[in-house]
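The values are calculated or read from the model by the stated rules, or taken from the named source; none is laboratory data. Only a predicted model underlies this, so the values are computations on that prediction, with no experimental measurement involved. All Cβ positions, even for glycine, are placed from backbone atoms using ideal geometry, and neighbour counts span all protein chains on display.
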Amino acid sequence: MKSRIINSFVGYFSDRMYSFSGDVLEEKRRDENIKVVILARHHYIERNVEFPISLKKDVKAAVAFEAETLQNEFFVLSKIAKQSEGKTRVTFWQIPKNIMPEGVAVVLPESYLLSHLINEQQLLVYKALADHQDVYLALSDKGIQSRVGQGQSKELFCHAAGINIKQELIIKPGEFTRKLRLVLKLAFNHLLSDFWLNRKTEKLSWFEQIKPYVLPVSFFITLYMVLSSAYLSYQLNSAQEQVENRKTDIDKVLTVQREMNELKDEIEEYQSIGASKQALWKIWQILSPLYKKGVTFHFVRFNGEYILFRASADSASSVLEYMLQSPHSEQAEFTTAVRKKGDEESFIIRFKLKYEGVTNEA
């Protein structure tokens, strides 16, 4: 079953589209049926990024921020590795948008697939086709390390990647397709759940979307407004008569309600005295001076321990310096790399509120 699926819908892309024919890759002239593409290593950028955060929703926010800065030119795929010591490692693959056919829904980086064939301290040397350059692939504590040889020796690759290889595995072009099919069969369902392309579909103009409904909707709206106006007029007259008849009772109720609100505010004020933590309104006491200085905020979130915000400013370092010097905040730090966008820098900072009489520990 899996073999038939692979033969029908899975292709291999290296400058042109290939299909699986047994254990051989054959050039495919029409690629409209290809929905899943295994992409050759020389077509994408592979990066490993370590974020100093471990909370799942914060990691997802950081990954989304990283992808957003590249979305105009690339499809950005990612894989979140296991967390350790409060840090999370994420592997990113940047795929140029102009090389992917329109019908493709899933893209699988070949280095990620083939990394399942080796363990740490192993070096994999492979090439898919006879005219390809050798590709070096290894696993380290930093994640997947791979590179197209282009004349570079494997010793130089290992030195640059900071890995000590004790065992070497070589896949020749004649064996490549069989190895690739093996990995696909073992992890096909899992792979399809993580590597979907996020295509932004072109939307019709607002007028084009509503044009077929203008006439019938206008008729019903007009009819509804006529009936509603008559009903509301009747209700208003009835309400005014009731208000006049019960004005004294309403004044008494409003007076009692006002006194209750004042009492509630007074109770809350007393409860706040000596409390172990202050209200979250101090967030705005910290951030409002930045807003007045021209810092643009994209989101502000509280995860129960840290406040995180994503913002743009002329100088990210000056914003961090302000947060470190603020008497109301502590443990301020960047959670992602600072990105330069035009004359501004984009960044995510997290911090804790410094409560009076309470010391926060990381």
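Could you check how many residues of segment 296-332 are assigned to a helix (DSSP H, G or I) and either farther than 18 Å from Ala62 by Cα or aromatic (Phe, Trp, Tyr) (or both)?
In the first step, residues of segment 296-332 are kept if they are assigned to a helix (DSSP H, G or I); the result is 316-325.
Remaining after also requiring either farther than 18 Å from Ala62 by Cα or aromatic (Phe, Trp, Tyr) (or both): 317-319, 321-325.
Within segment 296-332, residues that are assigned to a helix (DSSP H, G or I) and either farther than 18 Å from Ala62 by Cα or aromatic (Phe, Trp, Tyr) (or both) number 8.
Only residues that are modelled with pLDDT of 90 or more and of a type outside the set (S, T, N, Q): list them for segment 317-336, please.
Val319, Leu320, Glu321, Tyr322, Met323, Leu324, Glu330, Ala332, Glu333, Phe334
Could you run through segment 86-111 and say how many residues are out of contact with any helix residue (DSSP H, G or I) (no Cβ under 8 Å at 6 or more places or on another chain) and more than 24 Å from Ala337 (Cα to Cα)? First the steps, then the outcome.
The initial filter retains those residues of segment 86-111 that are out of contact with any helix residue (DSSP H, G or I) (no Cβ under 8 Å at 6 or more places or on another chain), namely 86-87, 89, 94, 97-98, 100-105, 107.
Narrowing the set further to residues that are more than 24 Å from Ala337 (Cα to Cα) leaves 98, 100-105, 107.
The qualifying residues number 8.
In the same structural domain as Leu186 (by TED's automatic domain parsing), in contact with a strand residue (DSSP E or B) (Cβ under 8 Å, 6 or more places away or on another chain), among the small types (Gly, Ala, Ser) and within 26 Å of Trp196 (Cβ to Cβ), is that true of Ala67? Show your work before the answer.
On the way: in the same structural domain as Leu186 (by TED's automatic domain parsing): yes; in contact with a strand residue (DSSP E or B) (Cβ under 8 Å, 6 or more places away or on another chain): yes; among the small types (Gly, Ala, Ser): yes; within 26 Å of Trp196 (Cβ to Cβ): yes.
Judged against the criteria, Ala67 is a match.
Might you let me know whether segment 44-61 holds any residue that is hydroxyl-bearing (Ser, Thr, Tyr) and surrounded by 14 or more Cβ atoms within 10 Å (Cβ to Cβ)? Break it down into steps so the answer makes sense when it comes.
Of all residues in segment 44-61, those hydroxyl-bearing (Ser, Thr, Tyr) come to 44, 54.
With the extra rule that they be surrounded by 14 or more Cβ atoms within 10 Å (Cβ to Cβ), the set shrinks to 44.
Among the residues of segment 44-61, at least one is hydroxyl-bearing (Ser, Thr, Tyr) and surrounded by 14 or more Cβ atoms within 10 Å (Cβ to Cβ), which makes the answer yes.
Could you say whether any residue in segment 148-166 is surrounded by 13 or more Cβ atoms within 10 Å (Cβ to Cβ), modelled with pLDDT of 85 or more, assigned to a strand (DSSP E or B) and among the β-branched types (Val, Ile, Thr)?
yes
Identify the residue in segment 114-136 that is of a type outside the set (Asp, Glu) and free of Cβ contacts under 8 Å to residues at least 40 places away in the same chain and, among all such residues, is surrounded by the most Cβ atoms within 10 Å (Cβ to Cβ).
Quick first cut of segment 114-136, residues of a type outside the set (Asp, Glu) only: 114-119, 121-130, 132-133, 135-136.
After this cut, where a residue has to be free of Cβ contacts under 8 Å to residues at least 40 places away in the same chain as well, the list is 115, 119, 136.
Numbers: Ser115: 20, Asn119: 10, Tyr136: 25.
Selected residue: Tyr136.
Among residues belonging to segment 278-292 that are surrounded by 12 or more Cβ atoms within 10 Å (Cβ to Cβ) and more than 21 Å from Ala62 (Cα to Cα), point out the one that is farthest from the chain's Cα centre (by Cα).
Pass one, segment 278-292, residues surrounded by 12 or more Cβ atoms within 10 Å (Cβ to Cβ): 278, 282-283, 285-287, 290-291.
Then keep just the ones that are more than 21 Å from Ala62 (Cα to Cα); that gives 278, 282, 285-286, 290-291.
On the way: Gln278: 32, Lys282: 28, Gln285: 29, Ile286: 27, Leu290: 26, Tyr291: 25 Å.
Checked segment 278-292; the qualifying residue farthest from the chain's Cα centre (by Cα) is Gln278.
Under 9 Å by Cβ, and 6 or more places apart or on different chains, what pairs join a residue from segment 166-184 that is under 16 Å from Gln122 (Cα atoms) with one that is among the hydroxyl-bearing types (Ser, Thr, Tyr)?
Leu169/Tyr126; Ile170/Tyr126; Ile171/Tyr126
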